[in-house]
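The values are calculated or read from the model by the stated rules, or taken from the named source; none is laboratory data. Please read these numbers as outputs of a predicted model, since none were measured by experiment. Using ideal geometry, Cβ is built from the backbone for each residue, glycine included, and neighbour counts are taken over all protein chains shown.
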Amino acid sequence: MERIQLTRRISVASGKEPADTVVKNGRIIDVFNGEIIEGDIAIVDGYFAGVGQYEGKNIVDAKGRYVVPAFIDGHVHIESSLVTPSEFAKVLLPHGVTTVIADPHEIANVLGAPGIQYILDSSENLPFDFYIMLPSCVPATSFENSGAILKAENLQPFYQHPRVLGLAEIMNFPAVLHAEDDMLNKISDAKQYGKKVDGHAAGLSGSDLNVYMAAGIRTDHESTSAVEAKERLKSGMFLMIREGTVAKDLRKLIPVVNQYNSRRCLFVTDDKHLDDLVHEGSIDHNVRLAIDNGLSPITAIQMATINAAECFGLEDKGAIAAGYKADFSLVDNLETMSILHVFKDGIAVVEDGKLIMDCSNTHEDHTSALRKSVHFDEIIKSNFQIPLSSNKANIIEIIPNSLVTRHIVEEVDVCDQGFFQPSICSDQLKLAVIERHHSTRQIGLGIVKGLGLKYGAIATTIAHDSHNLIIAGTNDGDMVLAANKIKEMQGGLVVTKQGQIIASLELPIAGLISDRPYKEVYSSLNNLHLALEKLGAHCHFNPFLTLSFLALPVIPELKLTDKGLFKVSKFEHIDICSFKNRAF
């Protein structure tokens, strides 16, 4: 079949036979020369056969619109959208995104290899391309309990899958630095199969970046400043410019992009909630934001298309040229990136901004193994008591719209029994992480500043990267209610106030993903946002997504795992009243 298709493609390219479809009267974005060109676009068997003068069985009149290659997200965790891959595709296609490079790190931390297989199976046979990078760090570190452990031998069988492109973000830098056996085996296996290796260089610079490059790691999406971005480009890395729901780095990094280095830069979302994907879009939002901040539209389009394709060795994606996949959009205005029509493999999937293609998947497996993932004993108020030996404590301070936190020390309220007392006035709330995979009864307790809750509690089983249950609250009673409701639902998000559950969203697939249509999930998220307003939560950042990253022990500066407070720069746990690791 491949030989027959190749022969036909050559025949159409040479004008010997008509194309399946010809796009006429379009202004074509040439991502190779950075120009806008004109001509007919011939499409056959889902591929571009040529740009020039062509006739075809079906004519698409672009009516003077721009013909733009379909966008590619270079690094995304589908689980952060809270929906299945088929529902995820329904959301992204109207935004001109037809390809993602997904890291199923979240579900793998809960379910291990079966979680990866679920993502592969449930993303088959869709008018959308899901490529996979295999999770490199399950668990992310040894400083928390996760649901699974993936060694190099557990990942090896997946390299045979045609949609597996390599090894995903290596966030365990010490394992690379000290050349630990299993990490080296994972990297070596990826290289042996001719695959890519992604980095995660949060807070790293200088010789540490050299270590990553020496190990064959070629990308990073953790730059949060222009200085970091330029250093990664200087080191030879591809710079992934991230704009998600919590991590919003694009405005700070775009000034680094210039005519000399732009082809080494691409866009990613990393983690983006469903409501933001619906409201803002995906990579199309990154493109618009980059243009608003001074980048030329064509450079922004290059970064969203051919740059991402070349970074991951996708030789037939990212351009409108003969031999490339016919994935493209018709756009009215480059400045606003107003996407009207989207084509996947030469077939219209979106018309006038509306999805017209069926994105259902008959292979989605929602077995009990995927659904029964929340295991812990019933929680009572005493589980949340924090004994203090001082009226000062180590506190996690939130930086709005950032994954990074601050480590601060402040005076706190202590009750007569010697336990921490949350303070609304000081915005000091109680924080708990409950191990939920193996019923270990492990609970980490801490204090968080910056969420702004005036009442109640919020809880979720989305707690990167091990996805234990994380809860923040103003009082023990509402925290207990939230925890036990999460167990009853087998995962999800909960908002409580004055002893009542005022909003919730069930995520029964691994405690991370809903089995409902995205519109239903979107409606539930709106209800959660309204409930957060009733708690007095800050409205200029997403409290739930922010909460979900407070347990991530590979992002500076202070986090909380189920084993306790964790000082990232020291890679060790610290006591809530121990200040030996804090410079005053």
Checking 501, 471 in turn, the sole residue that is in contact with a helix residue (DSSP H, G or I) (Cβ under 7 Å, 6 or more places away or on another chain), over 21 Å from residue 78 (Cα atoms) and surrounded by fewer than 24 Cβ atoms within 10 Å (Cβ to Cβ) turns out to be 501
Go through the stretch 410-437 and give me each residue that's assigned to a loop (DSSP other than H, G, I, E, B) and within 26 Å of the chain's Cα centre (by Cα).
-> 435, 436, 437
In the stretch 388-401, how many are out of contact with any helix residue (DSSP H, G or I) (no Cβ under 9 Å at 6 or more places or on another chain) and either free of Cβ contacts under 8 Å to residues at least 12 places away in the same chain or surrounded by 16 or more Cβ atoms within 10 Å (Cβ to Cβ) (or both)?
-> 6
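For the stretch 298-352: of the residues being of a type in the set (Val, Ile, Thr) and touching a His at 6+ places or on another chain (Cβ under 7 Å), which is farthest from residue 280 (Cα to Cα)? Working first, answer last.
The first filter runs over the stretch 298-352 and keeps only residues of a type in the set (Val, Ile, Thr), leaving 298-299, 301, 305-306, 320, 331, 336, 339, 342, 347, 349-350.
Filter once more, so that each one left must be touching a His at 6+ places or on another chain (Cβ under 7 Å): 339, 350.
Working: 339: 13, 350: 17 Å.
So the residue we want is 350.
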Given the conditions (1) of a type outside the set (D, E, K, R); (2) closer than 22 Å to residue 525 by Cα; (3) more than 24 Å from the chain's Cα centre (by Cα), which single one is not true for residue 446?
-> (2)
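Could you run through the stretch 177-203 and say how many residues are within 24 Å of residue 558 (Cα to Cα), of a type in the set (A, V, I, L, M, F, W, C) and surrounded by fewer than 21 Cβ atoms within 10 Å (Cβ to Cβ)?
The total comes to 1.
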Return the total of residues in the stretch 216-240 being within 18 Å of the chain's Cα centre (by Cα) and either under 19 Å from residue 172 (Cβ atoms) or surrounded by 24 or more Cβ atoms within 10 Å (Cβ to Cβ) (or both).
-> 7
How many residues are crowded, with 20+ Cβ neighbours inside 10 Å and under 25 Å from the mean Cα position of the chain (by Cα) if we restrict to the stretch 326-358?
-> 10
Determine if the stretch 1-10 includes at least one residue that is without any contact (Cβ under 8 Å) to a residue 12 or more places away in the chain and in a loop (DSSP other than H, G, I, E, B).
-> yes
For residue 367, the lone unmet condition from (1) at pLDDT 95 or above; (2) surrounded by fewer than 17 Cβ atoms within 10 Å (Cβ to Cβ); (3) hydroxyl-bearing (Ser, Thr, Tyr) is (1)
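In the stretch 20-47, what residues are aromatic (Phe, Trp, Tyr) and assigned to a strand (DSSP E or B)? I'd like the intermediate steps shown before the answer.
The initial filter retains those residues of the stretch 20-47 that are aromatic (Phe, Trp, Tyr), namely 32, 47.
The answer is 47, and nothing else.
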Has the stretch 395-406 got any residue that is at positive phi and in contact with a strand residue (DSSP E or B) (Cβ under 8 Å, 6 or more places away or on another chain)?
-> yes
